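Below is one structure; the comments refer to it alone.
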Amino acid sequence: MDLGELEAIAQEIRSSLEAKNSARDAALVRCRELIRLCALAIRAVHREDYTEAEGLLDQARQAAFTLQMDLAPFPELLYAGYAQDALKEWAEASLVYALATGRRLPGPRDLNVSEAAYLNGLAEAATELRRRILDLIRTDRFAEAERLLRAMDEIYEVLITMDYPDALTGNLRRATDVVRGTLERTRGELTLSIQEHRLQQALQRLERSVPGPP
(Lines give C-alpha, C1' and ligand atoms only; values in the text may rest on other atoms or scores of the structure.)
Protein backbone atom coordinates (compact mmCIF):
# COMPACT_ATOMS: atom_id res chain seq x y z
CA MET A 1 0.00 0.00 0.00
CA ASP A 2 1.24 3.46 -0.93
CA LEU A 3 1.00 5.53 2.27
CA GLY A 4 1.28 8.69 0.22
CA GLU A 5 -1.95 7.82 -1.58
CA LEU A 6 -3.69 7.13 1.74
CA GLU A 7 -2.55 10.48 3.13
CA ALA A 8 -3.91 12.21 0.03
CA ILE A 9 -7.26 10.50 0.58
CA ALA A 10 -7.22 11.47 4.26
CA GLN A 11 -6.45 15.08 3.39
CA GLU A 12 -9.37 15.17 0.96
CA ILE A 13 -11.68 13.82 3.65
CA ARG A 14 -10.40 16.34 6.19
CA SER A 15 -10.99 19.22 3.77
CA SER A 16 -14.53 18.04 3.12
CA LEU A 17 -15.30 17.65 6.82
CA GLU A 18 -13.79 21.05 7.61
CA ALA A 19 -16.10 22.66 5.05
CA LYS A 20 -19.11 20.83 6.46
CA ASN A 21 -18.18 21.72 10.02
CA SER A 22 -17.85 25.40 9.16
CA ALA A 23 -21.18 25.32 7.34
CA ARG A 24 -22.79 23.60 10.34
CA ASP A 25 -21.48 26.20 12.79
CA ALA A 26 -22.77 29.04 10.64
CA ALA A 27 -26.12 27.28 10.15
CA LEU A 28 -26.65 26.90 13.89
CA VAL A 29 -26.28 30.66 14.31
CA ARG A 30 -28.61 31.28 11.38
CA CYS A 31 -31.18 28.83 12.79
CA ARG A 32 -31.24 30.57 16.16
CA GLU A 33 -31.76 33.92 14.46
CA LEU A 34 -34.54 32.54 12.28
CA ILE A 35 -36.33 31.03 15.27
CA ARG A 36 -36.02 34.31 17.17
CA LEU A 37 -37.49 36.33 14.31
CA CYS A 38 -40.40 33.91 13.94
CA ALA A 39 -41.18 34.03 17.67
CA LEU A 40 -41.18 37.83 17.59
CA ALA A 41 -43.44 37.84 14.53
CA ILE A 42 -45.99 35.59 16.24
CA ARG A 43 -45.85 37.78 19.34
CA ALA A 44 -46.55 40.83 17.16
CA VAL A 45 -49.55 39.06 15.63
CA HIS A 46 -50.98 38.44 19.09
CA ARG A 47 -50.55 42.15 19.84
CA GLU A 48 -52.30 42.89 16.52
CA ASP A 49 -49.25 44.84 15.41
CA TYR A 50 -49.39 43.52 11.89
CA THR A 51 -46.98 46.08 10.46
CA GLU A 52 -44.25 44.87 12.83
CA ALA A 53 -45.18 41.26 12.10
CA GLU A 54 -44.77 41.85 8.37
CA GLY A 55 -41.35 43.42 8.87
CA LEU A 56 -40.18 40.54 11.03
CA LEU A 57 -41.49 37.99 8.54
CA ASP A 58 -39.56 39.74 5.78
CA GLN A 59 -36.39 39.38 7.86
CA ALA A 60 -37.24 35.75 8.59
CA ARG A 61 -37.76 35.06 4.88
CA GLN A 62 -34.29 36.39 4.12
CA ALA A 63 -32.77 34.38 6.99
CA ALA A 64 -34.48 31.19 5.76
CA PHE A 65 -33.28 31.84 2.21
CA THR A 66 -29.71 32.41 3.34
CA LEU A 67 -29.78 29.27 5.50
CA GLN A 68 -30.95 27.18 2.57
CA MET A 69 -28.41 28.66 0.15
CA ASP A 70 -25.55 28.16 2.60
CA LEU A 71 -26.52 24.53 3.15
CA ALA A 72 -27.41 23.70 -0.46
CA PRO A 73 -23.99 22.06 -1.04
CA PHE A 74 -24.55 19.93 2.09
CA PRO A 75 -27.98 18.22 1.84
CA GLU A 76 -27.28 16.13 4.94
CA LEU A 77 -27.01 19.38 6.94
CA LEU A 78 -30.00 21.05 5.28
CA TYR A 79 -32.22 18.12 6.22
CA ALA A 80 -30.78 17.72 9.71
CA GLY A 81 -33.12 18.22 12.63
CA TYR A 82 -31.97 21.68 13.69
CA ALA A 83 -32.30 23.15 10.17
CA GLN A 84 -35.71 21.63 9.54
CA ASP A 85 -36.92 22.75 12.98
CA ALA A 86 -35.96 26.33 12.13
CA LEU A 87 -37.73 26.12 8.78
CA LYS A 88 -40.76 24.67 10.55
CA GLU A 89 -40.83 27.77 12.75
CA TRP A 90 -40.67 29.92 9.61
CA ALA A 91 -43.69 28.07 8.23
CA GLU A 92 -45.55 28.40 11.52
CA ALA A 93 -45.02 32.15 11.79
CA SER A 94 -46.08 32.71 8.18
CA LEU A 95 -49.22 30.61 8.66
CA VAL A 96 -50.17 32.25 11.97
CA TYR A 97 -49.95 35.65 10.30
CA ALA A 98 -52.05 34.53 7.33
CA LEU A 99 -54.68 32.88 9.52
CA ALA A 100 -54.96 35.81 11.92
CA THR A 101 -55.31 38.36 9.12
CA GLY A 102 -57.55 36.26 6.88
CA ARG A 103 -55.06 36.24 4.02
CA ARG A 104 -54.32 33.46 1.55
CA LEU A 105 -52.42 30.61 3.13
CA PRO A 106 -48.94 30.18 1.66
CA GLY A 107 -48.03 26.65 0.60
CA PRO A 108 -44.76 24.76 0.95
CA ARG A 109 -43.55 26.09 -2.40
CA ASP A 110 -44.36 29.67 -1.43
CA LEU A 111 -42.26 29.28 1.72
CA ASN A 112 -39.67 27.00 0.09
CA VAL A 113 -39.86 24.39 2.83
CA SER A 114 -40.26 20.63 2.82
CA GLU A 115 -43.67 19.03 3.16
CA ALA A 116 -42.78 17.72 6.63
CA ALA A 117 -41.65 21.15 7.86
CA TYR A 118 -44.78 22.73 6.42
CA LEU A 119 -47.20 20.23 7.94
CA ASN A 120 -45.61 20.45 11.38
CA GLY A 121 -45.59 24.23 11.11
CA LEU A 122 -49.27 24.10 10.18
CA ALA A 123 -50.00 21.96 13.25
CA GLU A 124 -48.18 24.38 15.54
CA ALA A 125 -49.93 27.33 13.90
CA ALA A 126 -53.28 25.70 14.72
CA THR A 127 -52.35 25.35 18.39
CA GLU A 128 -51.07 28.95 18.42
CA LEU A 129 -54.54 30.08 17.35
CA ARG A 130 -55.84 29.01 20.74
CA ARG A 131 -54.08 31.95 22.37
CA ARG A 132 -55.50 34.27 19.74
CA ILE A 133 -59.02 32.94 20.30
CA LEU A 134 -58.75 33.38 24.08
CA ASP A 135 -57.65 36.99 23.54
CA LEU A 136 -60.68 37.54 21.30
CA ILE A 137 -63.01 36.00 23.89
CA ARG A 138 -61.78 38.46 26.49
CA THR A 139 -62.82 41.36 24.24
CA ASP A 140 -66.16 39.80 23.20
CA ARG A 141 -65.09 39.42 19.55
CA PHE A 142 -66.88 36.13 19.14
CA ALA A 143 -67.39 36.22 15.37
CA GLU A 144 -63.64 36.44 14.79
CA ALA A 145 -63.01 33.78 17.43
CA GLU A 146 -65.45 31.46 15.67
CA ARG A 147 -63.70 32.08 12.33
CA LEU A 148 -60.38 31.03 13.80
CA LEU A 149 -61.92 27.99 15.48
CA ARG A 150 -63.24 26.91 12.07
CA ALA A 151 -59.74 27.34 10.70
CA MET A 152 -58.35 25.13 13.49
CA ASP A 153 -61.01 22.54 12.67
CA GLU A 154 -60.15 22.58 8.96
CA ILE A 155 -56.44 22.25 9.70
CA TYR A 156 -57.08 19.25 11.92
CA GLU A 157 -59.24 17.63 9.23
CA VAL A 158 -56.37 18.00 6.77
CA LEU A 159 -53.72 16.75 9.18
CA ILE A 160 -55.54 13.52 9.96
CA THR A 161 -55.53 12.65 6.25
CA MET A 162 -51.70 12.71 6.18
CA ASP A 163 -51.42 9.04 7.09
CA TYR A 164 -47.83 8.44 6.08
CA PRO A 165 -44.79 7.06 7.91
CA ASP A 166 -43.26 9.35 10.53
CA ALA A 167 -40.00 9.28 8.60
CA LEU A 168 -41.74 11.19 5.80
CA THR A 169 -43.84 13.55 7.91
CA GLY A 170 -41.48 14.34 10.77
CA ASN A 171 -43.58 12.66 13.49
CA LEU A 172 -46.70 14.52 12.39
CA ARG A 173 -49.01 12.12 14.23
CA ARG A 174 -47.85 13.42 17.60
CA ALA A 175 -48.39 17.02 16.50
CA THR A 176 -51.83 16.11 15.14
CA ASP A 177 -52.81 14.61 18.50
CA VAL A 178 -51.81 17.88 20.18
CA VAL A 179 -53.97 19.82 17.72
CA ARG A 180 -56.94 17.58 18.47
CA GLY A 181 -56.69 18.14 22.22
CA THR A 182 -56.16 21.89 21.80
CA LEU A 183 -59.08 22.13 19.40
CA GLU A 184 -61.49 20.37 21.74
CA ARG A 185 -60.50 22.49 24.74
CA THR A 186 -60.80 25.68 22.74
CA ARG A 187 -64.15 24.66 21.27
CA GLY A 188 -65.54 23.99 24.74
CA GLU A 189 -64.28 27.29 26.17
CA LEU A 190 -65.54 29.33 23.22
CA THR A 191 -68.96 27.64 23.33
CA LEU A 192 -69.29 28.32 27.05
CA SER A 193 -68.20 31.95 26.64
CA ILE A 194 -70.71 32.55 23.84
CA GLN A 195 -73.50 31.04 25.91
CA GLU A 196 -72.60 33.22 28.90
CA HIS A 197 -72.42 36.29 26.69
CA ARG A 198 -75.86 35.59 25.21
CA LEU A 199 -77.28 35.04 28.68
CA GLN A 200 -75.89 38.37 29.85
CA GLN A 201 -77.37 40.12 26.84
CA ALA A 202 -80.76 38.51 27.48
CA LEU A 203 -80.69 39.60 31.12
CA GLN A 204 -79.78 43.14 30.11
CA ARG A 205 -82.68 43.26 27.63
CA LEU A 206 -84.99 41.95 30.31
CA GLU A 207 -83.86 44.62 32.77
CA ARG A 208 -84.46 47.33 30.21
CA SER A 209 -87.93 46.01 29.41
CA VAL A 210 -89.08 45.90 33.02
CA PRO A 211 -90.59 49.26 34.00
CA GLY A 212 -89.13 50.93 37.03
CA PRO A 213 -91.09 51.79 40.17
CA PRO A 214 -93.72 54.49 39.72
If you take the alpha carbon radius of gyration of the range 30-172 and divide it by 2.2 N^0.38 Å, what ratio comes out, to two decimals?
1.05
Within the range 59-102, the residues whose backbone N lies under 20 Å from a label point placed 7 Å from the Cα of residue 51 along the Cα-to-Cβ direction are 59-60, 97-98, 100-102
Helix-only estimate, please: 222 nm mean residue ellipticity of the chain, summing -39500 (n - 2.57) across DSSP H runs of length 4 or more and dividing by its residues, to the nearest 500.
-29000 deg cm²/dmol
Using θ = phi - 60° and the Karplus curve 6.51 cos²θ - 1.76 cosθ + 1.60, what whole-Hz ³J(HN,Hα) does each residue of the range 179-184 get, with Gly and Pro shown as x?
4, 4, x, 5, 4, 5
Which ³J(HN,Hα) values, rounded to whole Hz and listed in residue order, are derived for the range 52-58 from phi using the Karplus coefficients 6.51, -1.76 and 1.60 in 6.51 cos²θ - 1.76 cosθ + 1.60 with θ = phi - 60°, glycine and proline given as x?
5, 4, 4, x, 5, 5, 4
What does the net charge come to around residue 160 if you take all other residues with beta carbon closer than 12 Å to its beta carbon, with K and R at +1 and D and E at -1?
-3
Of all the accessible heavy-atom surface of the chain, with the other protein chains kept in place and a 1.4 Å probe, what percent is carbon and sulfur?
54
With all pairs of different alpha carbon atoms counted, what Kirkwood hydrodynamic radius in Å does the range 41-115 show?
12.8
Cα-only radius of gyration and Dmax that characterise the range 1-98, units Å:
18.5, 70
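The values are calculated or read from the model by the stated rules, or taken from the named source; none is laboratory data. Here the structure is a predicted model, which means the values were calculated and not measured. Here the Cβ is made from the backbone with ideal geometry for all residues, glycine too, and neighbour counts use every protein chain on show. SASA here: full protein model, heavy atoms, side chains in, ligands and nucleic acids out. Shrake-Rupley method; radii C 1.70, N 1.55, O 1.52, S 1.80 Å.
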